[in-house]
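Below is one structure, written out as structure tokens, with a few remarks after it.
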Amino acid sequence: MNCPYCGMPEVKLPLGKKGFECGSVYRRERSPACRRIQELELEVRHAQAQWAKAEKRSERVQLLDYYEDSRGWIRKIESEGLKFNLLYSVAGSCRSGDFHPCTQCDAVISGKAEVVIRGDDESRVILAASDSISIPAGQPHIFHFLRDTLMIEWWDGEFSAEYYKPYRDIVEKSLQNS
């Protein structure tokens, strides 16, 4: 018979008792070595469980697309059925120049941007870190980045966009100048 904790072989102990080479006493107590082995086994099982959870989490977040140009970059991400963009834009650049059939929401993580929205009249909003805005469906908009800016954007419906020529011309001109 072997030790149930570490597998060491059974030996005879003084006074007719049985035990194991590792120091565990047969069916009575574990040696410090066996206790440590059991602790390590538990740590390994815990680490395996944590790794499995991390793998499941990473499966839930997918990078759908990545785009980079002189203005910065855009990462299109999906997580648990939600789609959103993470954008980094350099100071002086412009983005958008479009409108959507659904509401667009933007939140600035760091930096500063001016958003121009064309409704009945034109409105301008300055967004800084921790500020957010909801742009109503059908409203043309353009972002002018006043500082290097990291922001996230999402929509309350299926994404699609149409260019609003006056604003898109500004975006295209800024791309040519950079």
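Any read-out appearing in this document is the output of simple, stated calculations on the displayed coordinates, not a laboratory observation. Every value quoted in this text rests on a predicted model; they were computed, and no experiment measured them.
Observations on the model:
- With contacts taken as Cα pairs under 8 Å at a separation of at least 6 residues, segment 70-177 carries a relative contact order of 37 percent.
- Pairwise Cα distances in segment 101-164 exceed 18 Å for 34 percent of all pairs.
- P(r) of segment 70-177 over all Cα-Cα pairs, binned every 5 Å from zero, in whole percent: 3, 13, 23, 27, 23, 10, 2, 0
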